[in-house]
Amino acid sequence: MTVIAVFEVRLLPDADADARARYAEYKARVAPMIEAAGGRYLLRAALGETLDGDATGDADRRWHVIEFPSVDAARAFWSNDDYAEIVPLREGAVDVRAVVLG
């Protein structure tokens, strides 16, 4: 059964040039890892429009929606050693919240 992983990425407004450069490297390296885990982007860096609730910070949020073939595949991506190695590249540039639905 396919599942959906939603990644809420909040851009940090005070990120310096080095942090932004590291995050650019992270973005370039993460997509092939997602694909190798069987993931497929449905939305990538999409802007959202709040219809209900607190919209504070919407301009600084990007949404990534990825379909995985199973919860196990999504977890395998998230816990992969290669992925863990690049996670520090996003530090200081973004905050991330990841949720698997399904």
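Overview of values
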| item | result |
| --- | --- |
| Boolean, residue 57 is in contact (Cβ under 8 Å) with a residue 12 or more places away in the chain and on the phi > 0 side of the Ramachandran plot | yes |
| Qualifying residue in the range 69-80 (condition: in contact with a Lys or Arg (Cβ under 7 Å, 6 or more places away or on another chain) and in contact (Cβ under 8 Å) with a residue 60 or more places away in the chain) | no |
| Filtered residues of the range 49-80 (kept if surrounded by fewer than 12 Cβ atoms within 10 Å (Cβ to Cβ), outside any helix (DSSP H, G or I) and of a type in the set (Ser, Thr, Tyr)) | 50, 56 |
| Test: residue in the range 90-102 that is in a loop (DSSP other than H, G, I, E, B), at pLDDT below 95 and under 20 Å from residue 1 (Cβ atoms) | yes |
| Residue in the range 26-48 that is farther than 23 Å from residue 2 by Cα, open to solvent by 60 Å² or more (accessible area, probe 1.4 Å) and touching a residue at least 24 places away in the same chain (Cβ under 8 Å) present | yes |
| Any hit, the range 89-100, residues being surrounded by 15 or more Cβ atoms within 10 Å (Cβ to Cβ) and of a type in the set (Gly, Ala, Ser) | yes |
| Any hit, the range 29-45, residues being within 25 Å of residue 12 (Cα to Cα) and of a type in the set (Asp, Glu) | no |
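The values are calculated or read from the model by the stated rules, or taken from the named source; none is laboratory data. For clarity, every value in this text was computed on a predicted model and none was experimentally measured. Note: ideal-geometry Cβ built from the backbone for every residue, glycine included; neighbour counts use all protein chains shown. Just the protein is used for accessible areas: all its heavy atoms, side chains included, with ligands, DNA and RNA removed. Shrake-Rupley method; radii C 1.70, N 1.55, O 1.52, S 1.80 Å.
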